[in-house]
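Down below is the structure, laid out as structure tokens.
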Amino acid sequence: MWRRIIILWIIVAFYGYTITLLHAATPCIPSENSICLNGEMRTFWQTNNGIQLFGEPIDNESAHRFIHEAYHIQNFERARVEFRFSQPKPYNFQLGLIGQEWLDRYHSELSPLMPSDEATLQGTHASCIALNNAQYTVCGAFRTFYQGHGLNFDNLAFVTNAESLALFGLPLTPAMRWTRNGQTYIVQLFERARFEYHTENPTAPLVMLGRINAELRENAPPQQTVAAISDSFLTDTKTLLLPADILAGFGYRMPVDGYWEHSAQGIYVAASTFRYQKIFYNTPIATNHRFVSMAILVKNQRELSGFGVYYDYRYINLIDTLGRRYAATTTVMHLATPILGISLNPGQLYGGQMIFDIPEDAIPAQLECSFANLDSNQSRFQQTIELRVWPIIP
């Protein structure tokens, strides 16, 4: 009797072990284009009508780190999906703000609507809606599409405003004309998507989402004339630097997903999420200039018996490859999480955003960070984050 029970348990255990091995050996469920969709990412994609709203995946899921938060991302034709371990369900899946990235790069392809375009978009649909904290309204067929779709938070058929906002974000432009390769569409840019009004195929939906993420990744950025890099600036360091041609590419795009870090005298500093912008706080940049924004994290890693430090946005300067120095703009106060004056005791950390006004030909090379020790002499020290080295992308 006992022998049979033992044999039965062995069979059950072996069966369970075999299933575990099979599951571990085949974690990748290929999509239509043979790119992997794993576990929770695939479930999220399927639950939220992935083909229509996200499109096919264009790369495999990968691990990243935003300063002190670990997350996974996977790029799809129409969206960048981010799985954030620190967030509770259903907010652990978030969509990247690729609409702003597209607008920064291709805003010159947009033009105002014609009166006939407005009539076409309005059609028999309801009039406009104004979203909270949005500068622009959403009208006609675009309004119908916006209110009819959203991320599925509650497994109910009714789409809430929060679900629509999570999927599309706020509008970044009014409805506009977009012309590319001789073809003109009515479009509207949102933080996470581009709405397109199509009339060329009577059997297809009139409103579709553009392949905005695929365009960002497939099409080369517009060429800009960047300043020559000083040879002395490239060699005046013992740090292994990026090749000059790759560093020159920072003139039109910084690696958003990576970050740079440095530690000195027990103070750790990291920089991440660099973006170029032509408009900030509803203010266009001056001719031949642009804004560059970033996220900064500072942590006091000293022993508990050590000194605290003080710093604010005025203590951080940006230096380009020609040695030119830039202080943060005074509009830094309008950022969502600005670097304000703060004292950090041992064990504490603080993060926020910075923004600089730089010439269009400037290539960021270093961040010079100053700190004041909270000792009797208020002694100061500096450390430099090298943006000319390979960014860390875990």
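Rule-based calculations on the coordinates, nothing more; no lab input. In this text, all values refer to a predicted model and were calculated from it rather than measured experimentally. Glycine gets a Cβ as well: all are built from the backbone with ideal geometry, and neighbour counts include every protein chain shown.
A few comments on the model shown:
- For Glu56, the residues whose amide H sits under 5 Å from its own are Glu77, ignoring neighbours fewer than 5 places away on the same chain, with H placed 1.01 Å from N.
- Taking θ as phi - 60° and the Karplus parameters 6.51, -1.76 and 1.60, the scalar couplings of segment 258-271 work out to x, 8, 10, 8, 7, 9, 8, 6, x, 10, 9, 10, 10, 10 Hz in sequence order, x denoting glycine and proline.
- The label point for Gln378 and the one for Asp154, both projected 7 Å from the Cα toward the Cβ, are 5.4 nm apart.
- Global geometry of segment 231-386, whether rounded, prolate or oblate, following the gyration tensor of its Cα atoms and the 1.5 cut on a/c: oblate
- Cα centroid separation - segment 320-394 against segment 275-297, whole Å: 16
- When each of Val159, Val269, Val389 is scored by the number of other beta-carbon atoms lying within 10 Å, the sequence from fewest to most is Val389, Val159, Val269.
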